[in-house]
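S.K.: Here it is, the structure, as structure tokens.
The values are calculated or read from the model by the stated rules, or taken from the named source; none is laboratory data. Everything numeric in this text was worked out from a predicted model, so none of it was measured. Cβ: placed from backbone, ideal geometry, glycine included. Neighbour counts: every protein chain shown.
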Amino acid sequence: MRTNLLYENSCFKYKELDEFDNNLISDLELEELIAIASNKNPYVSKLFKNILLQPLKTKEEIKYRQDIFLDLYNHFELLNEFHKYLFELIVEYKQKFPYSINDKSPYTIVTSSTSIIQYIVPKLYTIRNYIVAFKDSNSKGIKLLIEENLKELTNDNLDMLMGLSVGLDVRKGTMASASLNEDMEISSYEINQSTYLDKDFKKKWKKSKKIEYTYLSETIFNEVMKKNDIISSIISHDYGTTVNNIINFISDLYDELSFYLASINLKKYLENLKLDTVMPTVGDACYDGLYDIAIAIKKGGSVISNSHKSNSKMWVITGANQGGKTTFLRSLGQAYLLMQSGLFVPAKHLRLPIVSNIFTHFDKEEDTNLESGKFDDELRRFNLLINKLDSNSLIILNESFQSTDEHEGSKIGFEIIKAFRDSNVFVILVTHMYDLAMLIKNEYKDCYFLRAERKDDGSRTFVLRENEPLKTSFAKDLYNDIWKNN
């Protein structure tokens with residue numbers, strides 16, 4: 001039994017979040033959009049965040065998940081109802097069976113598994129009905145979900161499972177038989193129907209298959225007969241595995257549907273704010289109306305957007321302070337994570353090249369508890385980052401290299417960026433250091449330059465235009481702001 005709603009040929013696994021994952025969450029203000037998506041549910045929040053931080057690597061994987069998202073979006077009411085049923089089922093299950101059947105004695109495994117199966121089989125009929133209700137879906141993933149599980153969740157299989165559970169219910173009595181070969185060794189072992197079954201259970205038992213174990217040792221057989229039960233390590237292992245597979249299937253289905261439901265929650269929230277969302281495509285960077293979701297949430301829909309086009313893998317962004325540079329970085333980082341999670345993006349139109357991983361390196365406030373200075377800490381972070389980067393990663397740098405003087409910072413920054421580019425890392429840099437921008441311009445003729453727009457009167461439009469860096473950092477604007485507020 002497989003779900004296949006996140007990956008076509010594999011299962012989702014949680015990863016331990018590291019320093020760089022936490023930086024990404026903080027720098028891109030992902031908590032804002034995660035809270036909306038999850039309705040502040042801690043479990044769904046953790047799940048959504050973890051999937052978001054494991055970007056898909058191929059165009060095919062992204063398309064596979066996008067198609068599932070669109071199908072579920074078009075079946076939102078059904079999805080919501082199914083998700084609620086699974087949630088209530090899991091809660092009830094945990095209340096009834098607050099223990100694990102693993103690492104217990106064979107007898108306990110079989111008795112526990114029997115109770116669980118007799119509880120869960122009727123629920124599987126309902127789950128099957130919900131799955132079939134998506135039959136008019138077009139995505140490969142939903143079709144696989146239906147096809148794979150209709151093979152497993154047939155009436156015969158479910159009746160067989162129920163009959164087997166009753167036959168193995170030692171509380172109602174059991175019967176076992178064995179055969180001996182010419183060497184007087186046990187050659188087979190069969191579990192027969194219970195001697196105390198009612199008529200309905202006997203009908204189900206007749207549909208079930210006898211279990212044969214050809215390598216059951218004489219020691220196990222004697223122990224079984226002596227205790228007058230049906231427990232053996234082989235039987236309990238197979239039986240316990242069956243139960244675990246069923247429970248894991250239900251849990252996986254709930255988790256994967258939770259991800260899509262959270263994604264739809266976020267999309268509907270943005271739609272209610274009258275903001276654009278679109279399914280992205282893969283290719284050279286080209287977008288129209290790209291905005292920062294975190295800002296949109298804070299302002300209730302009032303956003304400034306950007307539109308750019310470039311096939312370069314070296315971007316340098318300069319311009320006046322408080323001109324929208326960091327906001328733009330967040331919007332682009334958010335769009336990348338959403339796109340490579342197989343979801344919509346906050347824009348009218350968007351196309352981006354696939355990257356293998358996404359990292360941020362934003363300027364941090366100096367930690368007074370550090371034994372070394374801010375510059376040393378910045379180099380430490382870069383050293384760790386270099387060990388994480390691989391070819392075709394994306395690194396977003398925001399005012400890095402400024403913890404020392406501009407001349408030294410520019411030289412160090414250029415060498416680090418050159419090492420990144422030599423390794424085919426996609427670099428997006430915000431900097432106020434003119435010398436660093438010029439070093440990059442002279443080295444990379446295809447560098448894509450953006451500049452935060454500033455009007456002659458010093459006001460900002462918060463829009464980034466394609467433009468080369470200016471030597472001034474408009475420090476006078478900052479000086480005037482300070483004195484106006486004092």
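S.K.: Which residues, counting only those in region 113-122, are in contact (Cβ under 8 Å) with a residue 40 or more places away in the chain and crowded, with 16+ Cβ neighbours inside 10 Å?
M.R.: Selection gives 113, 114, 116, 117, 120, 121.
S.K.: Another question, if that's okay. From the list 31, 77, 60, pick out the single residue that is surrounded by fewer than 19 Cβ atoms within 10 Å (Cβ to Cβ), in contact with an Asp or Glu (Cβ under 9 Å, 6 or more places away or on another chain) and free of Cβ contacts under 8 Å to residues at least 12 places away in the same chain.
M.R.: 60 is the lone residue from the list that is surrounded by fewer than 19 Cβ atoms within 10 Å (Cβ to Cβ), in contact with an Asp or Glu (Cβ under 9 Å, 6 or more places away or on another chain) and free of Cβ contacts under 8 Å to residues at least 12 places away in the same chain.
S.K.: In addition: Go through the residues of region 201-224 one by one and say whether even a single one is modelled with pLDDT of 70 or more and exposed (fewer than 15 other Cβ atoms within 10 Å of the Cβ).
M.R.: Within region 201-224, not a single residue is modelled with pLDDT of 70 or more and exposed (fewer than 15 other Cβ atoms within 10 Å of the Cβ).
S.K.: Pairs only if they're at least six apart or on different chains, beta carbon under 8 angstrom, first in region 434-457 and farther than 17 Å from residue 323 by Cα and assigned by TED's automatic domain parsing to the domain that holds residue 470, second of a type in the set (Val, Ile, Thr) and in a loop (DSSP other than H, G, I, E, B); list them, first residue then second.
M.R.: Qualifying pairs under 8 Å: 437/431.
S.K.: Would you check if residue 85 is at pLDDT 95 or above, surrounded by 14 or more Cβ atoms within 10 Å (Cβ to Cβ), farther than 30 Å from residue 360 by Cβ and in the same structural domain as residue 135 (by TED's automatic domain parsing)?
M.R.: So residue 85 passes the test.
S.K.: I would also like to ask the following. Take region 134-155 and flag every residue that is surrounded by 15 or more Cβ atoms within 10 Å (Cβ to Cβ) and outside any helix (DSSP H, G or I).
M.R.: Scanning region 134-155 gives 134, 137, 139, 153.
S.K.: How many residues are crowded, with 16+ Cβ neighbours inside 10 Å and within 19 Å of residue 429 (Cβ to Cβ) when one looks only at region 283-318?
M.R.: Final tally of qualifying residues: 14.
S.K.: Let me ask something additional. Restricting region 48-70 to residues that are more than 19 Å from residue 269 (Cα to Cα) and of a type in the set (A, V, I, L, M), which is nearest to the chain's Cα centre (by Cα)?
M.R.: Among those that are more than 19 Å from residue 269 (Cα to Cα) and of a type in the set (A, V, I, L, M), it is 51.
S.K.: Which pairs have Cβ atoms under 6 Å, sit 6 or more apart or on different chains, and link a residue in region 298-313 that is under 30 Å from residue 417 (Cα atoms) to one that is of a type in the set (Gly, Ala, Ser)?
M.R.: From residues that are under 30 Å from residue 417 (Cα atoms), the pairs are 305/289; 310/285.
S.K.: Among the residues of region 21-38, what is the count of those that are under 21 Å from residue 383 (Cα atoms) and either out of contact with any Ser or Thr (no Cβ under 8 Å at 6 or more places or on another chain) or part of a loop (DSSP other than H, G, I, E, B) (or both)?
M.R.: 4
S.K.: Looking at residue 277, is it in contact with a strand residue (DSSP E or B) (Cβ under 8 Å, 6 or more places away or on another chain), among the polar types (S, T, N, Q) and within 11 Å of residue 346 (Cα to Cα)?
M.R.: Yes; evaluated as a whole, the condition is true for this residue.
S.K.: Turning to a different aspect of this structure: I need the full set of residues from region 54-113 which are assigned to a helix (DSSP H, G or I) and aliphatic (A, V, I, L, M), in order please.
M.R.: 62, 68, 70, 72, 78, 79, 86, 89, 90, 91, 109, 110, listed by residue number.
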